[in-house]
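The values are calculated or read from the model by the stated rules, or taken from the named source; none is laboratory data. Worth saying up front: this structure is predicted, and the values here are computed from it rather than measured. We place every Cβ from the backbone using ideal geometry, glycine too, and count neighbours over all the protein chains shown. Note: areas computed on protein heavy atoms with side chains; ligands, DNA, RNA excluded. Shrake-Rupley method; radii C 1.70, N 1.55, O 1.52, S 1.80 Å.
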Amino acid sequence: MKNSKFIDAIIEMIKTTNNSVPTKEQFAEELSRNGEHVSECPREERRENTRMLELVFLLTLELVEEKYGNSNVQIFPTPQFRKDGKASQIGTAGGDHTTFGVGIGADVTTWEQVFYELCHESVHLLNPVVNIETTSVSSMDEGVAVKFAEDLYARFITSYTGREPAISPTHAGVAHPYRVAFDIVRKIPDSVLKEIRAEFGAFSQVTDEIKLLKFASEYISEEEARVICLPFSYSKGIGQTSMR
């Protein structure tokens, strides 16, 4: 892989996680040995690419739990590349409907963007909501997902590319639902967001602005609390961002 800096970034990411996971350490050693066989295009089917996907996914899942609390969800370890649509999204994997995984959007063609998408979707995997057409999702859930992805991308990827992610809700206009949610949630420290999730049970269930303000009044206004507790409007975001 010519883009050895991406591999260096992932190895650096491994050093930041608190837990010692043998599989993670084995992957790191494998990357050091076989990184040159990872192709520039992540969508190319080869063993080394699959291992890279699994490692990045494992790391983002660890880091999202460190920031926002544990998840009891069974996870399918290998992200899949979607061919039937543009948006990255979570979904059930297998026939039992109790295991969840990530489908990476059809417009994602670089390892850096794979990183961003997996960060975003890992937040949704804390408390999966599969059918957003029938189940209301608080705007808080999408705001946290964008915040987590932006923070990790800046920390590990922008540090060597010098650029923001190519596809990001932050590029949308200020009235776009993802941008609105992100601009509010980014004001709330991660430690407070962790407390909020513990109180409500899930970011997607943060619908009580009065209760929310007990935790976040120091950081957001009453109007911002009202907005972030509203159901997220996915229909307005279609075609303008790769997020689900």
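Helices in the chain, meaning DSSP H runs of at least 4 residues, each add -39500 (n - 2.57). Divided by all residues, the mean residue ellipticity at 222 nm is -15000 deg cm²/dmol. Carbon-plus-sulfur accessible fraction, the chain (probe radius 1.4 Å, protein heavy atoms only): 47%. Residues Lys5, Lys83, ordered by accessible area of protein heavy atoms at a 1.4 angstrom probe radius and largest first, appear as Lys83, Lys5. Here's the picture: charge each Lys and Arg Cβ at +1 and each Asp and Glu Cβ at -1 in the chain, and of Gly201, Met1, Phe57 the one pushed furthest to the positive end of that dipole is Met1. For Ser233 and Val192, the FRET efficiency from 1/(1 + (r/R0)^6), where r spans their Cβ atoms and R0 equals 30 Å, is about 0.75. Taking a ≥ b ≥ c as the square roots of the eigenvalues of the alpha carbon gyration tensor, the chain is prolate, as a/c is not under 1.5 and a/b beats b/c.
Listed peptides 89-98, 141-150, 200-209, 124-133 appear in the order 141-150, 200-209, 124-133, 89-98 once ranked by packing, highest mean of other Cβ atoms within 10 Å at the front. The accessible area of Arg47, taken with all protein chains in place and a 1.4 Å probe, comes to roughly 140 Å². The dipole here belongs to segment 2-229: it is taken about the Cα centre, uses +1 on the Cβ of Lys and Arg and -1 on the Cβ of Asp and Glu, and is about 260 debye. Summed over the residues of the chain and divided among them, the accessible surface reaches 47 Å² per residue at a probe radius of 1.4 Å.
Packing here is the average count of other Cβ atoms within 10 Å per residue, and on that basis the peptides 107-118, 171-182, highest first, run 107-118, 171-182. Spin-label model, Ile132/Thr92: points 7 Å from Cα along the beta carbon direction are separated by 1.9 nm.
In this rough spin-label picture, where each label sits 7 Å from Cα along the Cβ direction, the Arg33-Thr16 distance is 2.7 nm. Relative to one another, the C-alpha centroids of segment 203-225 and segment 66-113 are positioned 28 Å apart.
If N is the number of residues in segment 1-114, what value comes out of its Cα radius of gyration divided by 2.2 N^0.38 Å?
Scaled against compact globular proteins, the figure is 1.07.
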